[in-house]
Amino acid sequence: MQASALNGLLILAATYLLAFGTFLLGGAPANVAVYLGGTYALTALAAFLFSRGILELVVGADRDITFFVVLKKVTDPLLALTAPLTPAFLLPFAVSLYAAFLYFFLKLFLFGDAYLGVPPLFILLYLAIVSAR
C-alpha cells in the first residue's frame with residue numbers, strides 16, 4: 001500500500017508540473033502559472049476520480065472494459081492517498097466520489113476559486129504572520 005500511495009504522490013506531482021509547464025510555455029507569468037497549474041491539475045484528478053465513481057455505479061466495479069481498466073490503474077494510487085481519510089462504510093463507487101471531493105476541496109483550500117479570490121490557506125498564513133508581530 002505504501003508503494004501505491006507513493007505512486008499517487010508521483011502522479012500528483014507530475015500532473016502539477018505538466019500543468020505548470022503548459023501555462024509557462026503559453027506565456028503566463030510565473031505566479032499565475034503556479035495558481036492555474038495547481039487548479040487545473042487537482043481539478044483534472046478530481047474529474048478522473050469522479051468519472052471512476054460514476055462508472056463503478058453504472059457499469060460495476062468488476063467489468064473488464066479497456067477504458068475502465070486504464071482508469072482504475074491511474075486512479076488506484078490516488079485512492080491510496082486518501083484511504084486513511086476515507087470512512088470504511090462507503091461502497092466502492094462512493095469511495096471514488098469521496099476522494100474526488102477531497103481533491104477538489106484541496107484545490108479550493110490551496111489555490112482558491114474564481115469566486116473566492118484569495119485562497120483560504122493564504123488568509124490563515126497572513127493571520128498567523130500578523131498575529132506573530
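The values are calculated or read from the model by the stated rules, or taken from the named source; none is laboratory data. Keep in mind that what you see is a predicted model, and the values were worked out from it rather than measured. Every residue, glycine as well, gets a Cβ built from its backbone with ideal geometry; the counts of neighbours run over all protein chains shown. What goes into the accessible areas is simple: the full protein's heavy atoms, side chains included, and nothing from ligands, DNA or RNA. Shrake-Rupley method; radii C 1.70, N 1.55, O 1.52, S 1.80 Å.
Please give the per residue accessible area of segment 1-99, computed with a probe of 1.4 Å over protein heavy atoms only, in Å².
On the way: 5870 Å² over 99 residues.
Here the per-residue accessible area is 59 Å².
Return the carbon/sulfur percentage of the accessible area of the chain, one whole number, probe 1.4 Å, all protein chains in place. Don't skip to the answer; put the middle values down first.
Values: 6340 of 8450 Å².
Carbon and sulfur atoms account for 75 percent of the accessible area of the chain.
Report the paramagnetic label zone for V32: residues of segment 83-115 whose backbone N is under 18 Å from a point 7 Å from Cα along the Cα-to-Cβ axis.
111-115
Convert each backbone phi in segment 83-100 into a coupling constant with the Karplus relation 6.51 cos²θ - 1.76 cosθ + 1.60 (shift: θ = phi - 60°), then list the ³J(HN,Hα) values in order as whole Hz, x for Gly and Pro.
Using θ = phi - 60°, the values come out as 4, x, 9, 8, x, 6, 7, 6, 6, x, 5, 6, 5, 5, 5, 5, 5, 4 Hz.
Mind ranking L42, L125, L90 by accessible surface for me, highest first, 1.4 Å probe?
Details: L42 10, L125 85, L90 50 Å².
Sorted by accessible area, descending: L125, L90, L42.
Could you work out the relative contact order of the chain, using alpha carbon pairs under 8 angstrom and six or more residues apart, expressed as a whole percent?
Numbers: 128 pairs, mean separation 38.3, N = 133.
This gives 29 percent for the chain.
Give me the angle, in degrees from 0 to 90, between the Cα long axis of helix 66-82 and the longest principal axis of the Cα atoms of the chain, rounded to the nearest 10.
50 degrees
Out of the chymotrypsin sites (Phe, Trp or Tyr not before Pro) in segment 12-110, which ones are loop residues according to DSSP with at most 12 other C-beta atoms within 10 Å? Please report the intermediate quantities before stating the final value.
On the way: sites: Y16, F20, F23, Y35, Y40, F48, F50, F67, F68, F89, F93, Y98, F101, Y103, F104, F105, F109; in loops: F89.
Here the chymotrypsin sites (Phe, Trp or Tyr not before Pro) that fit, given the DSSP loop and packing criteria, are F89.
Binning at 10 angstrom from zero up to the longest distance, how are the C-alpha pair distances of segment 1-90 distributed in percent?
16, 39, 31, 13, 2
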